[in-house]
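Below: the structure, in C-alpha cells.
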Amino acid sequence: MKSGKLSLVALLMLLLGGCSVYMAAHQPNEKNVGLFAVGTPRSFLIAEFGQPVSSEVKNGQKYEIFRFTQGYSGGAKAGRAFAEGVADLMTLGVAEVITTPVESIADGNLTAYGVIYNNNDLVIQVISLSPDGSPSPPAQPTASPSVLQQGVPTVIPQSVPQTPPAKN
C-alpha cells in the first residue's frame, strides 16, 4: 500500500511538476525596440515585429501601427526556468502552486508603436502608443504645479537687475 501511494505521488510530480519550467522557457522572445528610430527601413521593422496591424496614408505619408508582445531575453528565460526547476526539486513539486500562476501572469507586455515613413520607406517619426493603439500620455514635466498651466510648461518672466551705466 505504501508503494502505491509513493507511485501515485511520483506520477503526479511527473504530470504536474515542471509546468512553470516549461512556461518560463517558452515565454515570448525579447524584440529589438531600438529599431523604432529615425532612418530605419520599413523592411527591418517588418522582419522584427511582423506585419503592421494598421497601415494607411495620412497627409501624404505612410503611417503604420505595430503591436507586439515584448518578451524576455534568452538569459532571463533560462534563469527563470532553472530557478523554478530547482524550486520544484527542493519542494517536491509544491512550488508549482506558486510558480505556475506567476508564469501565467508574466507573459510579456503588449506594446505598440506608430511609425511614419518618407517616400523611401525610411522611418521619419516614431510615436509610442498604448497597447490599444492610442497615443501614450506624454511624460510628466518636472516643474512644480505652480509653474504649469494646463499641462504645458510656461515661462515665468523674471526681472533681471539692471546696473546703471557707469558715470565717467
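Those helices (runs of 4 or more DSSP H) of the stretch 1-116 in which at least 2 residues are modelled with pLDDT of 85 or more, considering only elements entirely within it, cover 19-25, 42-49, 74-90, 96-105. Summed over the stretch 30-45, the residues that are under 18 Å from the mean Cα position of the chain (by Cα) and surrounded by 14 or more Cβ atoms within 10 Å (Cβ to Cβ) give a count of 6.
The values are calculated or read from the model by the stated rules, or taken from the named source; none is laboratory data. Just so it is clear, the structure is predicted and the values come from calculations on it, not from any experiment. So basically every Cβ, Gly included, is an ideal-geometry build from the backbone, and we count neighbours across all protein chains shown.
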